[in-house]
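Each remark here refers to the structure printed beneath this line.
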Amino acid sequence: MTQLSDLSRRRFLAGLTGMTAAGLLAGCGGNGSASGGGGKNGLTFLNWEQVKGNPLEQAIQAFEKESGSQVTVQPAVTQEYDTKMRTLIAGGSPPDVMRINDDFVRGFSEQGALLDLRPYLDKDKLDTSQFAKETFEFPKQPDGSHTAWVLGYQPRLIFYNVDLFKQAGVPLPPTTWSSDGWTWADFQAAAKKLTDPAKKQYGALVYLDTGYEQTFTVNHGSQTGIFSPDGTQFTLPGAKEVEALQWATDLTCKEKVQPPWSVLQQDNVQNQMFAQGKIAMMFATFGTVPYLRSAMKDFTWDVAPPPGDVEQKTESSVIVFCVPKKAKNPDAAWSLLKYLASEDGGKILLQGGAFTPINLKAAAALAPDGKAPEHIGLFAEAAKHLTATNQTKNTIGARELYRPALDTAYNCEKPVGDVLQQIKPQVETALKG
Amino acid sequence: MATITMARDRGTVQVADVRRARRRQNLTGWLFISPIVIGVVAFQFFPILVSMVASLTDWNGIAAPKFVGLRNFTSMFTDDPLFLQTFRNTVYFTLASIPLTIGIGLVLALLCARPIRGVAFFRTAYFAPYVTNVVAIGFVWFWFFQPDNGVINGLLQQVGIGGPQWVSSSSWAMPAVIMVSVWQGIGYPMIILLAGLQGLPNELFESGKLDGAGAWQRLRFITLPLLTPHFLFLLITQFISTFQVFGLIYVMTKGGPGHATSVYIYNIYQNAFSYGKVGYASAMSWVLFVVIAAVTYLQWKLQKRWVFYT
């Protein structure tokens, strides 16, 4: 009896140990389908937004049909995407295609994490004149490599509430890329007339969208904007640049025509305020359009170019994807990216109404289709008026230093110049990577 | 002679059996705890070891790490002004929140120790925030502290006071976070001290009463000295947890405005996951470990001077 009991206990323990070991091995080892490749005839794809139900899903399905490849879309992660991306690359099992924050492209390229697509471009003799030039060249590195792939871009324009303009008797902004009657002075004058403190209604909102840093400084005559062309110097503390940022800050601190910084700290609050008629003009990206289309039913809204000063340019956010160097199916990944940037792929992506496809022929089809904004075509025309941000080895690191520091200027506690001069050495240390 | 030999042999056999049984027992024990041991080694000791090695490299999480010796440790003091600023912010947070949390916790414990009606409800109510998700708490209080349409400033306006900008002001953001932290944390010291109060010997209080000691004197000379072991425990645990504050900061202020609420752990997080400076972040973690270990050791050593054991 004792012997039987001992035997069963041994067997039990042996089984338990075996199961534990097997579990740990399975956990540590991973497997192909979960972590990396999508098999011989397929590839894996990771985006930080939900793909299902979006035009991107349709475009991927169209690619699958055309190529016979299978694309496995991995679950979307909106929070901590950058952390997941770094972990996947560091762990050596990244997806074949993944979205990448444009601020990371230079740094990741220098660290050798991204596959150079130049050999594929050359091999396929791809006609690059079909793409919007400034954004197509965004991922081009100093050594000539092309380490990421832009599918589209989201230019920034002024979104405005047509009804509020009409009620205040203010002339509407231009409907073309023109600064006639649409200079910084005109913009500020209009903002004053559109502000009504009793209703907590503000005429303008410029400084919340961080793309204003590059746009407004370049438009004020800055040669470089935020960083020097080689990405080694922080040029935002220059005289022209400080003047531009102080002008935008003074819309709150002096003119009182812009919401105070303190009320803008909640997520998406600016879009909600605009949709509630509490902001008359807002500097924002193309990506705002889908939200406003769904939220604004009661009044008319439209878009206009940014007001002109020395220049009249705007900055785009770019929709960038990459093929990690350790991707298991780089050829299939390239085929997918090539398709998504083609005229066919671009036309499908255009239906999302959130960004301009990089393919010029596809972008030309951008039209209101009976929906606001009436002058949506200005987003496509923005391709001719782009100011390109300079890539650096550590753009995120630099931004995490100077942007929080600027809070004290936006709070009207300190002048912009003082803040930027004080933070400059730290930012330039960060730019070294 | 033969009998003696047999007895010796039997004895040898018995000892060997006992040894075998002990070995089997030990093996059984080890096999039962092996899943936990493997887990601790794989997911705690191994990462600790890796972070120790990483702290001596320039590892960015992507490219191969390069050995840099103690450079990460020296550059904290020479190249990174945020290191000292976030350290100062953490000390400020700790020094402000610990006395408040333990002090208010003591008052609540004294009140909740009294045999009054509904005391169970109050004990639960005060303890509830402690077990509530920090993200939910952060979001709710972030709304309460809104300068223009927040509840706090709304209430202050009712009594004719113009409230500050709270989380949007570089001088008020940290006090706002401290207030929330204290509100969330008082349940823990309250429960610990309540348990301590209920275990105090009654005869001391009765003797005190007979000797003419009033309520304040009994609190001052009997209750508080007897609670000193609990205070020591709270000081040590609260110091360790407040020095590692992260969740509230991340949700309420993201370290702003202007790095006014950026604390040490938040700085580590940003270095590791925003800037990809894994080696540097590991070095910062080890500095934090040393600081916490040193202060805890000091607290333990100094207890002889003020902790009273019955």
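Among the residues of the range B:78-124, those identified as open to solvent by 50 Å² or more (accessible area, probe 1.4 Å), modelled with pLDDT of 90 or more and within 14 Å of chain A (Cβ to nearest Cβ) are B:Leu84, B:Gln85. Annotation for the range A:79-100: at least one member residue is open to solvent by 60 Å² or more (accessible area, probe 1.4 Å), over 14 Å from A:Ala333 (Cα atoms), over 18 Å from the mean Cα position of the chain (by Cα) and polar (S, T, N, Q). Inclusion of A:Met273 among residues that are in contact (Cβ under 8 Å) with a residue 40 or more places away in the chain, within 14 Å of chain B (Cβ to nearest Cβ), open to solvent by less than 30 Å² (accessible area, probe 1.4 Å) and under 24 Å from A:Val162 (Cβ atoms) is warranted. Taking every residue in the range A:180-196 that is closer than 16 Å to A:Asn161 by Cα and pairing it with any residue that is among the β-branched types (Val, Ile, Thr), at least 6 positions away or on another chain, the pairs with Cβ-Cβ distances below 6 Å are A:Ala190/A:Val170; A:Ala191/A:Val257; A:Lys192/A:Val257; A:Lys193/A:Val170; A:Thr195/A:Val257. Taking the condition touching a helix residue (DSSP H, G or I) at 6+ places or on another chain (Cβ under 6 Å) and surrounded by fewer than 20 Cβ atoms within 10 Å (Cβ to Cβ), does B:Gly247 pass? Yes, satisfied. Annotation: of all residues in the range A:406-427 being outside any loop (DSSP other than H, G, I, E, B), open to solvent by less than 70 Å² (accessible area, probe 1.4 Å) and within 11 Å of another protein chain (Cβ to nearest Cβ), the one that is nearest to A:Gly231 (Cα to Cα) is A:Gln426. For first residues located in the range B:27-46 and within 26 Å of B:Trp286 (Cβ to Cβ) and at the interface with chain A (Cβ under 7 Å from one of its Cβ atoms), partners that are exposed (fewer than 12 other Cβ atoms within 10 Å of the Cβ) and among the aromatic types (Phe, Trp, Tyr) and lie 6+ apart or on another chain with Cβ distances below 8 Å do not occur.
Selection within the range B:153-175: residues that are open to solvent by 40 Å² or more (accessible area, probe 1.4 Å), among the hydrophobic types (A, V, I, L, M, F, W, C) and assigned to a helix (DSSP H, G or I). The member of this set that is farthest from the other protein chains (Cβ to nearest Cβ) is B:Leu155.
Number of residues in the range B:260-283 that are within 17 Å of B:Leu84 (Cα to Cα), among the aromatic types (Phe, Trp, Tyr) and within 14 Å of chain A (Cβ to nearest Cβ) equals 3. Considering the range A:361-377, and only residues there that are without any contact (Cβ under 8 Å) to a residue 60 or more places away in the chain and outside any loop (DSSP other than H, G, I, E, B), the residue that is farthest from A:Pro306 (Cα to Cα) turns out to be A:Ala362. Residues in the range A:256-270 that are within 19 Å of B:Phe139 (Cα to Cα) and in contact (Cβ under 8 Å) with a residue 24 or more places away in the chain: A:Trp261, A:Ser262, A:Leu264, A:Gln270. The residue pairs whose first member lies in the range B:239-259 and is within 14 Å of another protein chain (Cβ to nearest Cβ) and of a type in the set (A, V, I, L, M, F, W, C), whose second member is open to solvent by less than 20 Å² (accessible area, probe 1.4 Å) and not in a helix (DSSP H, G or I), and whose beta carbons are closer than 8 Å, counting only pairs six or more residues apart or on different chains, are B:Phe246/B:Val263; B:Ile249/B:Gly255; B:Ile249/B:Thr261; B:Ile249/B:Ser262; B:Ile249/B:Val263; B:Met252/B:Phe145; B:Met252/B:Thr261. The numbered conditions (1) buried (at least 20 other Cβ atoms within 10 Å of the Cβ); (2) part of a helix (DSSP H, G or I) are all true for B:Pro147 except (2).
Residues that are within 18 Å of A:Gln270 (Cα to Cα) and surrounded by 21 or more Cβ atoms within 10 Å (Cβ to Cβ) within the range A:155-194 comprise A:Pro155, A:Arg156, A:Leu157, A:Ile158, A:Phe159, A:Tyr160, A:Asn161, A:Leu164, A:Ala191, A:Leu194, listed in sequence order.
Residue-by-condition table, conditions (1) within 14 Å of chain B (Cβ to nearest Cβ); (2) at pLDDT 95 or above:
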residue	(1), (2)
A:Tyr207	yes, yes
A:Gly238	no, yes
A:Val263	yes, no
A:Asp267	yes, no
A:Pro290	no, no
A:Ala295	no, no
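For the range A:327-341, the set of residues classified as open to solvent by 30 Å² or more (accessible area, probe 1.4 Å) and either assigned to a loop (DSSP other than H, G, I, E, B) or within 13 Å of A:Phe286 (Cα to Cα) (or both) consists of A:Lys328 only.
If you take the residues of the range B:55-67 that are within 14 Å of chain A (Cβ to nearest Cβ) and either among the hydrophobic types (A, V, I, L, M, F, W, C) or assigned to a helix (DSSP H, G or I) (or both), which of them is nearest to A:Ser93 (Cα to Cα)? Only one residue fits best here, namely B:Ile62. Just a yes or no: is a residue in the range A:385-400 part of a helix (DSSP H, G or I), within 30 Å of A:Val162 (Cβ to Cβ), more than 14 Å from chain B (Cβ to nearest Cβ) and at pLDDT below 95? So far as the range A:385-400 goes, yes, one or more of its residues are part of a helix (DSSP H, G or I), within 30 Å of A:Val162 (Cβ to Cβ), more than 14 Å from chain B (Cβ to nearest Cβ) and at pLDDT below 95. The helices (runs of 4 or more DSSP H) found entirely in the range A:160-262 that carry 3 or more residues being among the charged types (D, E, K, R) and under 27 Å from A:His375 (Cβ atoms) are A:184-194.
The values are calculated or read from the model by the stated rules, or taken from the named source; none is laboratory data. Just so it is clear, the model here is predicted, and its values are computed rather than measured. Ideal geometry is used to build each Cβ from the backbone, glycine not excepted, and the neighbour counts take in all protein chains shown. These area figures cover heavy atoms from the full protein model, side chains too; ligands, DNA and RNA do not enter into them. Shrake-Rupley method; radii C 1.70, N 1.55, O 1.52, S 1.80 Å.
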